[in-house]
Amino acid sequence: MKAPAVKTKSKKISRESARKSDLNTKKVDIASDLSRLGSFDEILEYLITHVTTTIEAERGSLFLHDPAAHQLYTRVALGNLSREIRIDEQSGIAGWVFKNGEPVIVNDPYNDERFNQEVDERTGFTTDSIACVPIFTFGETPIGVLQVLNKQDAKFSEDDIDAIKLVASQCASTLNTYALTERMEAQKRREAEFMTLVSKLTTELDLSRLLNHVVDAATEMLNCERATVFLNDEKTDELFSMVGAGLGAFEIRLPNSAGISGAVFQSGENVNIPHAYADLRFNPGFDKQTGFFTRSVLCVPILNKHGKRIGVTQALNKIGGPFTEEDENRIQAFTAQISVGLENAKMFNDMQAVKNYNEAMLQSMSNGVITVDETGNLKSLNKSAEDIIKIGAEDNLGKPLAEILGEKNEWLVKEITKVRETGSTENLEDADLYTGQGELVSANIALQPMISGEGETIGALMLVEDISSEKRVRSTMSRYMDPQLANQLLEEGDGQAMLGGQAAEATVLFTDIRSFTTIAESLGPQATVSMLNEYFEIMVACISDAGGMLDKFIGDALMAGFGVPLPSDDAPDAAVKSAISMISQLRDWNAGRLAADKPAINMGVGVNTDNVVTGNIGSSKRMDFTMIGDGVNLAARLEGSCKTYGAQIIISEFTQSKLKGIYALRELDRIVVKGKTEPVSIFEVLDFHDDETFPARMDVVGHFLEGLNHYRSTNFDDAIKSFSAALAANDSDVPSQLYIERCNLFKESPPPAGWSGEWVMTEK
């Protein structure tokens with residue numbers, strides 16, 4: 001019974017010897033076959049096919065190393081997979097082999113912790129066994145790995161590894177040469193494409209189209225999800241973008257010192273952040289607003305030919321990993337080349353905007369604009385001029401102005417002639433002007449000469465403001481509003497309508513000085529009045545600059561409205577910006593007071609958005625334009641709650657939900673104010689703080705919000721831990737201390753069933 005076994009073993013050895021001999025013969029031919037192949041892809045396909053066939057496996061892949069991206073990639077593979085695969089250079093079995101430089105056999109990959117199942121899940125392929133060997137250059141530098149999958153009817157053996165090693169060793173030099181050649185050719189192609197692109201971009205003068213081209217080019221060049229070009233607006237000190245890949249066509253504006261873009265613009269230094277949310281400079285508010293998730297950020301400044309910073313280019317979410325040093329160098333070179341085109345396009349855009357604005361202004365402005373040439377003939381008039389003096393442009397252009405205006409306006413023709421001949425200017429207030437239909441119009445008329453580029457008078461311009469309606473309502477309006485507001489209403493044409501009350505959505509702002517009685521007693525009457533005058537001068541300016549309306553002074557408090565008497569979609573933002581400006585300027589003012597040995601002033605601000613009733617309240621002899629309603633009362637309550645929470649600016653959920661801008665907000669509480677039954681969420685505005693006024697702000701806010709969630713879930717012990725962590729980061733955080741006290745209270749006396757975290761305020 002043993003003789004047949006010996007015979008079978010001998011046959012097996014003979015077959016193995018024959019297989020090895022055949023294998024060696026094939027290996028000898030590899031170098032000759034490689035020399036006849038022309039392209040890099042042909043070499044890759046040949047090697048994979050050869051080794052897979054030789055080993056009798058189902059699939060093979062040759063992964064090469066991309067040092068710039070820190071990845072392994074393959075462009076060809078047997079089977080159904082024909083697209084490029086890229087993996088991290090340390091990922092999976094292939095990554096382990098590349099990193100360690102050792103071959104490996106895995107006959108049960110799904111139970112091997114090194115195995116990355118992601119590729120199988122992505123392709124639908126099932127890996128049963130793996131044999132993988134590293135590929136080295138002659139300098140023993142790893143350049144990739146050769147991987148074979150699913151040996152047919154058997155498991156991979158050391159003989160298979162030897163066979164793969166021999167193929168790998170024989171192809172290493174060829175692969176290295178072709179890979180280097182391909183990279184050089186690819187670099188040349190990129191440079192040629194780069195120069196062609198730059199040439200195209202620098203000739204484009206339309207700023208919107210140029211920015212679109214630049215964004216598309218940067219996105220493709222860096223292989224990222226999104227790119228944005230921000231240009232600096234020197235008039236407003238803002239960075240603006242007219243386009244953003246994936247964002248649609250809308251303008252983004254932010255202070256040129258805000259966020260990562262602002263930091264890069266101010267410093268002039270590149271920023272490459274692999275993990276955005278781990279960087280304190282990153283503001284996640286924009287992600288929350290748009291639904292986009294930012295992983296990695298590359299931002300570089302744009303310099304003009306004089307080295308002046310004119311903007312920044314920002315790229316987000318490099319596909320396949322973080323942005324590399326090569327990406328940084330490429331985008332920096334790109335922005336250097338296109339900066340001239342961007343600056344020229346911006347200048348052209350500004351000039352075109354001015355031209356379009358002037359033309360549109362002439363046609364849309366409520367005032368009439370009339371020009372005459374050097375002989376006194378009508379040269380142009382806008383639509384408002386036609387309506388005011390009742391003459392048509394089509395029938396009167398080129399005719400003498402004296403003929404058009406008639407005898408009743410002879411005095412005006414004489415004034416225009418004097419201005420045209422002498423080069424002087426004239427302002428005629430509340431003048432009587434007769435229309436072409438003989439009607440009398442009350443008008444303010446401004447006359448000035450038209451001067452050519454050579455300094456010669458070539459005609460005259462007449463600006464006509466019809467004040468007939470204004471005169472009829474001015475006396476009434478002056479009873480209850482300041483002249484600035486009255487003029488604004490008259491310009492908008494709503495003066496008459498606003499004399500009655502009406503319902504409108506408005507954002508109400510309340511301020512109040514803390515411990516005013518104590519301060520007044522220490523200062524005395526005269527010093528108190530002087531202090532209040534200085535304080536209100538600052539506060540009112542903050543309101544006016546933001547487009548708000550001062551409603552009234554209430555002792556040391558004041559009340560202002562935004563979105564009244566004229567509606568505004570930006571009223572909530574304007575109110576919040578006004579509040580931030582108030583606190584910031586109060587800080588500067590206090591610094592001067594302390595230097596002069598005067599007491600500092602502290603204040604609270606409450607902001608709420610709601611439907612209110614606006615209109616005149618009072619008698620027939622004295623009226624007051626004001627706002628009334630529950631929305632006004634809530635704003636006052638929020639100002640009062642600043643004392644409780646140690647905050648300076650608190651806004652309601654109704655204001656927060658309507659904000660268009662991005663602000664540093666912290667949800668404080670859900671409160672039921674005195675006199676109400678329904679809770680309202682309140683938020684603390686933190687934008688005016690810096691590291692000195694609010695140390696460790698991000699850590700504190702993070703721990704606080706975590707504690708707030710535990711608190712509302714009645715997990716009071718966990719809530720105390722989170723609030724304590726916030727206090728550990730900043731021991732002066734009043735809200736955290738307040739909630740610790742509440743948690744201890746509720747641990748002794750639990751809240752009722754169905755409680756959702758609301759707190760009933762007992763003070764106004």
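The values are calculated or read from the model by the stated rules, or taken from the named source; none is laboratory data. Note that the coordinates shown come from a computational prediction; the quantities given were computed from them, not determined experimentally. As a convention, Cβ positions derive from the backbone with ideal geometry for all residues, glycine included, and neighbour counts pool all protein chains shown.
For the condition outside any loop (DSSP other than H, G, I, E, B), over 25 Å from L523 (Cβ atoms), of a type in the set (D, E) and out of contact with any Phe, Trp or Tyr (no Cβ under 8 Å at 6 or more places or on another chain), D573 qualifies. Taken over the stretch 670-687, the criterion of being farther than 17 Å from L659 by Cα and among the acidic types (D, E) is satisfied by E678 alone.
For the stretch 84-120, the set of residues classified as at pLDDT 85 or above and assigned to a helix (DSSP H, G or I) consists of G92, I93, A94, G95, W96, V97, F98, K99, N100, P109, Y110, N111, listed by residue number. Pairs needed: first member in the stretch 214-240, in a helix (DSSP H, G or I); second member anywhere, among the aromatic types (F, W, Y) and surrounded by 18 or more Cβ atoms within 10 Å (Cβ to Cβ); C-beta distance under 9 Å; at least 6 residues apart or different chains. So the pair list comes out as V214/F334; A217/F334; A218/F334; M221/F334; L222/F323. Apart from one condition, N590 fits all of (1) among the polar types (S, T, N, Q); (2) outside any helix (DSSP H, G or I); (3) without any contact (Cβ under 8 Å) to a residue 40 or more places away in the chain; (4) farther than 28 Å from E758 by Cα; the exception is (2). Of all the listed residues (S722, S681, S652, S713), the sole one being outside the structural domain of I260 (by TED's automatic domain parsing), small (G, A, S) and without any contact (Cβ under 8 Å) to a residue 12 or more places away in the chain is S713. Taking the stretch 478-554 as the region of interest, the helices (runs of 4 or more DSSP H) fully inside it that hold 2 or more residues being surrounded by 14 or more Cβ atoms within 10 Å (Cβ to Cβ) and at pLDDT 90 or above are 525-545. Per the listing V145, V133, the residue uniquely touching a Lys or Arg at 6+ places or on another chain (Cβ under 8 Å), assigned to a strand (DSSP E or B), in the same structural domain as A69 (by TED's automatic domain parsing) and not acidic (D, E) is V133. Considered as a group, the residues in the stretch 146-176 that are hydroxyl-bearing (S, T, Y) and within 18 Å of P134 (Cβ to Cβ) include one that is modelled with the highest pLDDT, and that residue is S169. Take the stretch 643-691 and flag every residue that is β-branched (V, I, T) and under 21 Å from the mean Cα position of the chain (by Cα). T655, I662, V685, listed by residue number. For the stretch 580-603, state whether one or more residues are modelled with pLDDT of 95 or more, crowded, with 20+ Cβ neighbours inside 10 Å and either of a type in the set (S, T, N, Q) or in contact with a Gly (Cβ under 9 Å, 6 or more places away or on another chain) (or both). Checked the stretch 580-603: no residue is modelled with pLDDT of 95 or more, crowded, with 20+ Cβ neighbours inside 10 Å and either of a type in the set (S, T, N, Q) or in contact with a Gly (Cβ under 9 Å, 6 or more places away or on another chain) (or both). From the list L47, L81, L62, L72, the one residue that fits, being at pLDDT 80 or above and more than 39 Å from the chain's Cα centre (by Cα), is L62. Of the residues in the stretch 625-646, at least one is in a strand (DSSP E or B), surrounded by fewer than 20 Cβ atoms within 10 Å (Cβ to Cβ), hydrophobic (A, V, I, L, M, F, W, C) and modelled with pLDDT of 85 or more. Among residues of the stretch 317-328 that are over 15 Å from H65 (Cβ atoms), those with a beta-carbon under 6 Å from a residue that is at pLDDT 80 or above and of a type in the set (D, E, K, R) at least six positions away or on a different chain give the pairs N317/E225; N317/R295.
Determine whether V760 is under 20 Å from Q648 (Cα atoms), in contact (Cβ under 8 Å) with a residue 12 or more places away in the chain and of a type in the set (A, V, I, L, M).
The answer is no for V760.
Scanning the stretch 299-311 for residues that are buried (at least 20 other Cβ atoms within 10 Å of the Cβ) and either polar (S, T, N, Q) or out of contact with any Leu (no Cβ under 7 Å at 6 or more places or on another chain) (or both) gives C299, V300, P301. Tell me, yes or no, whether the stretch 518-534 has at least one residue that is under 30 Å from G592 (Cα atoms) and in contact with an Asp or Glu (Cβ under 7 Å, 6 or more places away or on another chain). Looking through the stretch 518-534, at least one residue is under 30 Å from G592 (Cα atoms) and in contact with an Asp or Glu (Cβ under 7 Å, 6 or more places away or on another chain).
Does S641 meet the test of being among the polar types (S, T, N, Q) and under 20 Å from P735 (Cα atoms)? Yes. The set of residues in the stretch 522-550 being touching a Pro at 6+ places or on another chain (Cβ under 8 Å) and within 27 Å of P572 (Cα to Cα) consists of M549 alone.
Beta carbons closer than 9 Å, at least 6 apart along the sequence or on distinct chains, pair a first residue in the stretch 510-538 that is touching a residue at least 60 places away in the same chain (Cβ under 8 Å) with a second that is among the basic types (K, R) and buried (at least 18 other Cβ atoms within 10 Å of the Cβ) for F510/R637.
For the stretch 429-448, a residue qualifies if it is under 20 Å from I404 (Cα atoms), part of a strand (DSSP E or B) and not small (G, A, S), and the qualifying residues are D432, L433, Y434, L440, V441, N444, I445, L447, Q448. Which count do you get for residues in the stretch 428-459 that are within 47 Å of the chain's Cα centre (by Cα) and closer than 25 Å to G392 by Cα? Qualifying residue count for the region: 8.
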